[in-house]
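Written below as structure tokens is the structure these notes are about.
The values are calculated or read from the model by the stated rules, or taken from the named source; none is laboratory data. Just so we're clear, the structure is a prediction, and the values are computed from it rather than from any experiment. Glycine gets a Cβ as well: all are built from the backbone with ideal geometry, and neighbour counts include every protein chain shown. Quick note on the areas: whole protein, heavy atoms, side chains included, nothing else; ligands and nucleic acids left out. Shrake-Rupley method; radii C 1.70, N 1.55, O 1.52, S 1.80 Å.
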Amino acid sequence: MKSTLSFEVFPPNTQISTEKLFNTLDELQLLNPEFISVTCSNNQQDIETTTLKLAEYIQHQLDIPTIAHLPAAYLSRLQVDQLVHQLNQLGIQRILALRGDILPETSPKNDFKYASNLVKYLKFQDPHFQISGACYPETHPEALDRVTDIRYLKQKVNAGCDQLISQLFLDNECFFQFQEACYLADIQVPILAGIMPIVNRNQALRLIHTTKTKLPRKFLAILEKYEHDPIALKEAGLAYAIDQIVDLATQDVSGIHLYTMNNAETAKHIYQNTKNLLHSEKNVAS
Ligand code: FAD
């Protein structure tokens, strides 16, 4: 079995980065991804002005299926109805239904307390929507424990998820164990593995300080040795991500979802080095 390749991009916040992103998207198009997903902050205005605009460009100008991320903890039912209407008008049928992060100073609205509430609501509004859900190979940080987290994940899938997209991870064993736990819990939808190539020091430091991602010895050794040599660090970070993908593809993972950080060069490099392992039924750029 071959695995799919898809990309994640995020809406930029300056004019220069907006132009850069459109160039990036044009380059990603040549790699014929299964889909490109667009992240979204938990603010309705951002969804309309940035996420939907980008998703529309990907879907209609580039002719690539897109997934719009939709975090709903701070949205009312009415706001979600309006967004559903807009998505339908734009012909965007794929949504990553999320709760989103809870901000310490702002209470969420209670209409969509968990992502599963949103999944169920969206499927009820329009059964044609293809809904993805987020999942966490190393357990969601707020979860009591892994078993509870998987139990809620199962509820989310039963509410109508067609596939799951995983949080990034650097230790493939965590992902394989998670897949097995999902299998035992009778979660049968495809699980796409989230891979983020770590190509610079700031990105690595952010990862260390802001996430609970397990950092394998091999990865820490790379950081330690090349932290002050940007070119070597980038080369080693790309090789690390490729090594992860080779292992995952060999084990028949459903798909690789690459967190591109809006960087086409990184995505192209990874694509060139893994394309024969990954699935593409269309003609692809060499
Ligand atoms: P949920 O599935 O609702 O889970 C959140 C927590 O609640 C978990 O601990 C779960 O175990 C628990 N839980 C679930 N159901 C119940 C229940 N019935 N009772 C009690 N507890 C329950 N954030 C953004 O703001 N924008 C993005 O674009 C974005 N994209 C993402 C893409 C991916 C692939 C991933 C993995 C994450 C993304 N996030 C994004 C981050 C995500 O919003 C946060 O991780 C958030 O904290 C959880 O969202 P969720 O949809 O996974 O929540």
Rounded to whole Å², per residue accessible area for the chain with a 1.4 Å probe reads 51
Please give the length that would be gained between residue 158 and residue 247 if that part of the chain were fully extended, namely 0.36 nm times their separation in residues minus their C-alpha to C-alpha distance (nm, one decimal). 29.1 nm
If the reach is capped at under 18 angstrom between alpha carbons, list the lysines near residue 109, excluding any in the same chain fewer than eight residues apart. 120
How far apart, in nm, are two points set 7 Å out from the Cα along the Cα-to-Cβ line at residue 76 and at residue 22? 3.5
Residue-span extension gain [residue 186 to residue 275] - 0.36 nm each, minus C-alpha spacing: 29.0 nm
Using a 1.4 angstrom probe on the protein heavy atoms only, line up 1, 196 by accessible area, largest first. 1, 196
Sequence order, the stretch 257-267: Karplus ³J(HN,Hα) from phi using 6.51 cos²θ - 1.76 cosθ + 1.60, θ = phi - 60°, Hz rounded, Gly and Pro as x, gives 10, 8, 7, 6, 6, 6, 10, 5, 4, 4, 4
Amide H of residue 94 versus every other amide H placed in the peptide plane: which residues, excluding those fewer than 5 positions away on the same chain, fall under 5 Å? 68, 130
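Tell me which chymotrypsin sites (Phe, Trp or Tyr not before Pro) from the stretch 1-103 have a DSSP coil assignment and no more than 15 other beta carbons within 10 Å of their own. Can you show the working numbers first?
Numbers: sites: 7, 22, 35, 57, 74; in loops: 35, 74.
Qualifying residues, ordered by number: none.
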For the stretch 76-190, report the convex hull volume of the alpha-carbon atoms normalised per residue, in Å³, without decimals. 119
Cross-link reach from residue 275 to lysines, straight Cα distance under 17 Å and at least 8 residues apart if same chain, gives 2
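Show me 254-260, 82-88 ranked by packing, highest mean number of other Cβ atoms within 10 Å first.
Put in order of decreasing packing, that is 254-260, 82-88.
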Given the Cα atoms of the stretch 144-286, and with Rh set as the inverse mean 1/r over their pairs in the Kirkwood sense, what is Rg to Rh to two decimals? 0.99
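Only four residue types carry charge here, +1 at the Cβ of Lys and Arg and -1 at the Cβ of Asp and Glu. Report the dipole size of the chain about the Cα centre in Debye, rounded to the nearest 20. Don't jump to the answer; show the numbers that get you there.
Values: 25 positive and 32 negative charges, 72 e Å.
Dipole of the chain, to the nearest 20 debye: 340 debye.
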Just from its helices, what would the mean residue ellipticity at 222 nm be for the chain, if runs of 4 or more DSSP H residues each count -39500 (n - 2.57) and the sum is divided by every residue, rounded to the nearest 500 deg cm²/dmol? -13500 deg cm²/dmol
Starting from the alpha-carbon convex hull of the chain, give the projected area averaged over all orientations, in nm². 15.0
Cα centroid distance between the stretch 197-274 and the stretch 65-82, in Å? 30
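Any idea what the relative contact order of the stretch 4-277 is, in percent, if you count C-alpha pairs under 8 Å spaced at least 6 apart?
Details: 446 pairs, mean separation 50.4, N = 274.
Relative contact order here is 18 percent.
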